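Below is one structure, written out as structure tokens; the observations come after it.
The numbers here are math on the coordinates, done by the rules we state, and not lab data. Note that the structure is a prediction, hence the values are computed from the model and not measured. Note that we place each Cβ from the backbone using ideal geometry, even for glycine, and neighbour counts take in every protein chain shown.
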Amino acid sequence: MFVTETLAGECIGVCSLEAIEARSRVATLGIWIGKPYWDKGYGTDAVRVLCRFGFRHANLQRIQLHVFAPNERGTRVYEKVGFKHEGTLRRSHFVGGRYVDTYVMGLLAEDLVEG
């Protein structure tokens, strides 16, 4: 797990590579950025840096994640970094009084978009 911070050193969130499967070299990405810091590029930068670390230093072959379909902001961030939509888990969670789909997204080392 890593702390996400501004250039001035202010803590604004966390991100992690979890459930690392040693044999297949796969990890699951998780991220949380505080709402006051949304739409400022911090999420995109944190995801890109974390994925670069995973591929270059942890020798991962694949990084995957799940994102709720209504989370368009998060989905855009992942797509900017190179994640591909690989499937949909229909009505997989009950959030905000309704059932929502969950998107399964994956990134291979050669798909990482350096920005």
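Which residue, ILE63, ILE31, ILE12, has the most motion in a Gaussian network model of the chain that connects Cα atoms within less than 10 Å?
ILE12
Determine, for each peptide in 77-88, 32-43, the mean count of other beta carbons within 10 angstrom over its residues, then list the peptides with the highest first.
77-88, 32-43
Treating the chain as a set of equal point scatterers at the Cα positions, no solvent, please give the Debye-formula log₁₀ I(q)/I(0) at q = 0.24 Å⁻¹.
Evaluating at q = 0.24 Å⁻¹ gives log10 I(q)/I(0) of -1.42.
So for the chain: antiparallel DSSP bridges make up what percent, rounded to the nearest 5?
Here the antiparallel bridges make up roughly 90 percent for the chain.
Compute the whole-percent fraction of alpha carbon pairs in the range 43-97 spaced more than 13 Å apart.
Percent of Cα pairs beyond 13 Å in the range 43-97: 64.
So, R0 is 22 Å and r is the distance between the beta-carbons of ARG98 and PHE2; what FRET efficiency does that work out to, to 0.05?
E(calc), rounded to 0.05, equals 0.10.
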